[in-house]
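In what follows, a structure is listed as structure tokens, so that the remarks can point back to it.
The values are calculated or read from the model by the stated rules, or taken from the named source; none is laboratory data. Computed from a predicted model, the values in this text were never measured in an experiment. So basically every Cβ, Gly included, is an ideal-geometry build from the backbone, and we count neighbours across all protein chains shown.
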């Protein structure tokens, strides 16, 4: 059983509401027991965020995260506390770190900022130094940076339509380079002082390589029509 819960503003009433949903999930006969927090421009005091997370983390219900919009530092904690591999955000999501959302610079952490930092460091253990730098240099993180900080796992709504082509070109270039190396070994160049050294020649784009790759890649329309 999966229940999605929209969280806009977390307050004291959120705790019993989520607890009721958790009990409903636990009472179901489904082997899969998941609550998904839909964080949309969510405002959450850090202490209440941790109180809410304690409720979920002491239950047998898995926590999935879907985030979008601007999130307060407390909401960032909620996102980071989701089940790794099931924490996603739209590409425009902004995760607050400091109270103001601005970089700390040389300023000391406020008591609330330190609270958020300590819990993020706990939830994203392998990224503690990166998180510290993010507080100092940025004060917030967009979705792609949040992935590198281990706050979330993926940016859900951006797909590179040329990803397959780029990968195919990369592989074709590898094969092309390997083939040239083998040819050089089999047919070493003659010692001609008037010849231009290979290293000084300007690299040329292998048009045939790109044409071959284009023939192998199907467009979305062709995929549908196959």
Q | Filter result for residue 61 (over 24 Å from residue 155 (Cβ atoms) and touching a strand residue (DSSP E or B) at 6+ places or on another chain (Cβ under 6 Å)) | A | yes
Q: Mind telling me which of the residues 142, 162 ends up being out of contact with any helix residue (DSSP H, G or I) (no Cβ under 9 Å at 6 or more places or on another chain) and modelled with pLDDT of 95 or more?
A: 142
Q) Restricting the search to the range 122-153, which residues are surrounded by fewer than 13 Cβ atoms within 10 Å (Cβ to Cβ) and in contact with a strand residue (DSSP E or B) (Cβ under 9 Å, 6 or more places away or on another chain)? A) 148
Q. Taking the range 138-160, which residues are touching a residue at least 24 places away in the same chain (Cβ under 8 Å) and assigned to a loop (DSSP other than H, G, I, E, B)?
A. 138, 139, 149, 150, 151, 152, 153, 156, 157, 158
Q.
Suppose we filter the range 51-88 for residues that are under 18 Å from the mean Cα position of the chain (by Cα) and assigned to a strand (DSSP E or B); how many remain?
A. 10
Q. Looking at the range 36-50, which of its residues are over 19 Å from residue 25 (Cβ atoms) and either in a helix (DSSP H, G or I) or touching a helix residue (DSSP H, G or I) at 6+ places or on another chain (Cβ under 8 Å) (or both)?
A. 42, 43, 44, 45, 46, 47, 48, 49, 50
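Residue by residue, here is whether (1) surrounded by fewer than 21 Cβ atoms within 10 Å (Cβ to Cβ); (2) touching a residue at least 60 places away in the same chain (Cβ under 8 Å) holds:
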| site | (1), (2) |
| --- | --- |
| 28 | yes, no |
| 39 | no, no |
| 55 | yes, no |
| 60 | yes, no |
| 64 | yes, yes |
| 68 | yes, no |
| 75 | no, yes |
| 80 | no, yes |
(Q) Any residue at all in the range 89-104 that's in a helix (DSSP H, G or I), surrounded by 15 or more Cβ atoms within 10 Å (Cβ to Cβ) and either touching a residue at least 24 places away in the same chain (Cβ under 8 Å) or out of contact with any strand residue (DSSP E or B) (no Cβ under 8 Å at 6 or more places or on another chain) (or both)? (A) no
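For every residue, the table says whether it meets (1) farther than 25 Å from residue 70 by Cβ; (2) in contact with a helix residue (DSSP H, G or I) (Cβ under 9 Å, 6 or more places away or on another chain); (3) assigned to a helix (DSSP H, G or I).
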{"residue": "108", "(1), (2), (3)": "no, yes, no"}
{"residue": "115", "(1), (2), (3)": "no, yes, yes"}
{"residue": "121", "(1), (2), (3)": "no, yes, yes"}
{"residue": "128", "(1), (2), (3)": "no, yes, yes"}
{"residue": "131", "(1), (2), (3)": "no, yes, yes"}
{"residue": "136", "(1), (2), (3)": "no, no, yes"}
{"residue": "167", "(1), (2), (3)": "yes, no, yes"}
{"residue": "176", "(1), (2), (3)": "yes, yes, yes"}
